[in-house]
Amino acid sequence: MGDLVRLCDRGDVPPGTARRFDVPGHRVALVRLDDDWYAIGDRCSHEDYSLSEGDIWPEECEIECPKHGSVFDLRTGEARTLPATGAVPVYSVRVEGDDVILELP
């Protein structure tokens with residue numbers, strides 16, 4: 001198990017939204033879909049652009065880079081569409097009470 005980092009309160013990220021967090025050595029996009037939480041690297045693998053600013057596709061469990069439209073799977077970090085071809089990192093996240101906790105590798 002890696003280091004645990006408290007990112008925020010559960011209410012700080014409304015359902016259907018993403019928020020960027022900078023933790024030592026990692027830039028993370030935290031995404032909330034109803035009661036499910038996902039944490040992925042916040043840098044598009046095509047170009048250094050923030051994924052947390054992109055559109056979220058809840059039914060597909062994906063996020064779209066706002067710069068060039070690459071789509072990433074929130075569960076695996078895999079790029080689903082061009083121009084990105086590389087995956088972004090994924091992180092374990094859980095909710096304990098009102099705390100949203102990130103597990104770093």
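For this structure, a couple of remarks:
- Taking the range 1-103 and the strands (runs of 3 or more DSSP E) fully enclosed by it, the elements with 1 or more residues that are at pLDDT 95 or above and touching a Gly at 6+ places or on another chain (Cβ under 6 Å) are at 36-41, 62-64, 90-96, 99-103.
- Picking from residues in the range 41-53 that are within 21 Å of Ser92 (Cα to Cα) and of a type outside the set (Lys, Arg), the one that is farthest from the chain's Cα centre (by Cα) is Ser45.
- The residues on offer are Pro66, Pro15, and the sole one that is more than 21 Å from Asp3 (Cα to Cα) and in contact with a strand residue (DSSP E or B) (Cβ under 6 Å, 6 or more places away or on another chain) is Pro15.
- Ser92 vs. criteria of a type in the set (Gly, Ala, Ser) and surrounded by 18 or more Cβ atoms within 10 Å (Cβ to Cβ): no
- Within the set Leu30, Leu7, the sole residue that is surrounded by 15 or more Cβ atoms within 10 Å (Cβ to Cβ) and more than 10 Å from the chain's Cα centre (by Cα) turns out to be Leu7.
- Criterion (touching a helix residue (DSSP H, G or I) at 6+ places or on another chain (Cβ under 9 Å) and of a type in the set (A, V, I, L, M)) met by exactly one of Leu7, Leu51, Leu74, Leu30: Leu30
- Hits in the range 54-82 (condition: closer than 26 Å to Val95 by Cα and among the basic types (Lys, Arg)): Arg75
- Pairs meeting the criteria (first residue in the range 89-105 and without any contact (Cβ under 8 Å) to a residue 24 or more places away in the chain and under 16 Å from Val28 (Cα atoms), second residue surrounded by fewer than 17 Cβ atoms within 10 Å (Cβ to Cβ) and of a type in the set (A, V, I, L, M), beta carbons under 8 Å, at least 6 apart or on different chains) are lacking.
- In the range 1-36, the residues that are of a type in the set (Gly, Ala, Ser) and within 21 Å of Glu62 (Cβ to Cβ): Gly16, Ala18, Ala29
- Residues being crowded, with 22+ Cβ neighbours inside 10 Å and within 20 Å of Val5 (Cα to Cα) - total across the range 40-50: 2
The values are calculated or read from the model by the stated rules, or taken from the named source; none is laboratory data. All values derive from a computational prediction rather than experimental measurement. Note: ideal-geometry Cβ built from the backbone for every residue, glycine included; neighbour counts use all protein chains shown.
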